[in-house]
Amino acid sequence: MLKTHSLIEPQDLSVEEIDHLFALADDIKNRPQLYVNACAGKLMGTLFYEPSTRTRLSFESAMNRLGGRVVGFSDPASSSATKGETVADTARMVSAYADIIVMRHPWEGAPKVASLYSDIPVINAGDGGHNHPTQTLTDLYTFHTVFGRTCDLNIALCGDLKFGRTVHSLILAMSRYKNVSFSLISPKELRLPDYLLDFMKEKQIPYKEVEKIEDAIAECDVLYMTRIQQERFSDKDEYERLKDCYELDTEKMKLAKQDMIVMHPLPRVKEISTEVDYDPRAKYFRQARYGMFIRMALILELLEGGYQPKNTRLVPTERKCSNPRCICNHQDEPQQMLKIGEGVYRCLYCDHTEKD
Ligand code: CP
């Protein structure tokens, strides 16, 4: 059984627990008939306040393939969120009906809030530009399946590193593995947030920041492409200016190692030319399929945590989170800017960090 009741951020799982999930996912992939009734009688609530193809459908496929059932919504307009119901109350309600919650939300920290009030496990299926831990499990499981290891990797992350939640979670997760280094390829406007640059410095993870794919592609084992996240931009002109800043094509692929792989959480827009799809190093569609097996393993393990009554009552901090995308600035959740060092504060919900 996992130590955590919910999966909200990548560090909720230890390296040993992730290895266990890999082994279980491998077995599910190889012997699916053994698991067809593994979740019989269990119900998953999928609460998607933002669009999704892969995450929602892979979770729903996973639960159906395990013999469980699914209820939920894929459009918040059809839920009581339109009447003003909070994430906390929705989580309390779904706890009364289902056995596990999968939540995607545009506000950063929303699944964390749900986990504080839900009596059943909550899985973060992506919260704004913050985290996407099950995409990270998918990415790690892809490394495990393709390379047979999750260490000794140079990973080039390319695109929208500011708002790309999959990138943020991947860095946090990979910080626990040996001999991992990063190339951060982005325009200046879309650099990785400071809290993650500080995190890499603190963990002594080697990284370099560059603006062109050509400055990193030759040395990497993984080129992890990302979409420019249109929906997160407050300045639409800036999005128009940056939206086509990268295109991986067959010419650039000639600069890469023969055993390097291209990954992408998808959806792709124009950042990978479709001609690259036919290069055997392009793994993004297989990566999406691996996501279903690792999510099956995760569901099985989290369901063992079962029903755990919560009665959370947080004391608000005086300092307020200044992240406009944080749930505490949209709903009546107590501010939680916790002191993490001399003059340094971090929001419990969204990880936004401020210094005096
Ligand atoms: N990778 C991913 O999160 O895709 P969706 O937005 O389609 O779920």
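The values are calculated or read from the model by the stated rules, or taken from the named source; none is laboratory data. None of the values given here were measured: they were computed from a predicted structure. Positions of Cβ are backbone-derived with ideal geometry, glycine not excepted, and every protein chain shown enters the neighbour counts. Side chains included, ligands, DNA and RNA excluded: accessible areas come from the protein's heavy atoms. Shrake-Rupley method; radii C 1.70, N 1.55, O 1.52, S 1.80 Å.
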**Asked** Taking region 272-290 only, how many residues are open to solvent by less than 10 Å² (accessible area, probe 1.4 Å) and either of a type in the set (Val, Ile, Thr) or out of contact with any helix residue (DSSP H, G or I) (no Cβ under 8 Å at 6 or more places or on another chain) (or both)?
**Response** 3
**Message:** Which numbered condition in (1) of a type in the set (D, E, K, R); (2) touching a helix residue (DSSP H, G or I) at 6+ places or on another chain (Cβ under 9 Å); (3) open to solvent by 40 Å² or more (accessible area, probe 1.4 Å) is the only one that Arg56 fails?
**Reply:** (2)
**Prompt:** Which members of region 322-356 meet the condition of being of a type in the set (A, V, I, L, M, F, W, C) and open to solvent by 40 Å² or more (accessible area, probe 1.4 Å)?
**Reply:** Leu338, Ile340, Leu348
**Request:** Give region 113-127 a look and list any residue that's within 13 Å of the ligand (Cβ to nearest atom) and either open to solvent by 10 Å² or more (accessible area, probe 1.4 Å) or at pLDDT below 95 (or both), or say none.
**Result:** none
**Fill in**
Exactly one of Arg319, Arg295 is in contact with a Phe, Trp or Tyr (Cβ under 7 Å, 6 or more places away or on another chain), modelled with pLDDT of 95 or more and either within 27 Å of Ala96 (Cα to Cα) or among the β-branched types (Val, Ile, Thr) (or both), and that one is Arg295
**Item:** Options Ser52, Ser14: the member that is away from the ligand (no atom under 15 Å from the Cβ) and under 22 Å from the mean Cα position of the chain (by Cα)
**Value:** Ser14
**Item:** Failed criterion for Phe293 (all others in (1) under 24 Å from His132 (Cα atoms); (2) open to solvent by less than 70 Å² (accessible area, probe 1.4 Å); (3) in a loop (DSSP other than H, G, I, E, B) hold)
**Value:** (3)
**Message:** Which of the strands (runs of 3 or more DSSP E) found entirely inside region 116-216 contain at least 1 residues meeting this: closer than 28 Å to Glu50 by Cα?
**Reply:** 122-127, 153-158, 180-185
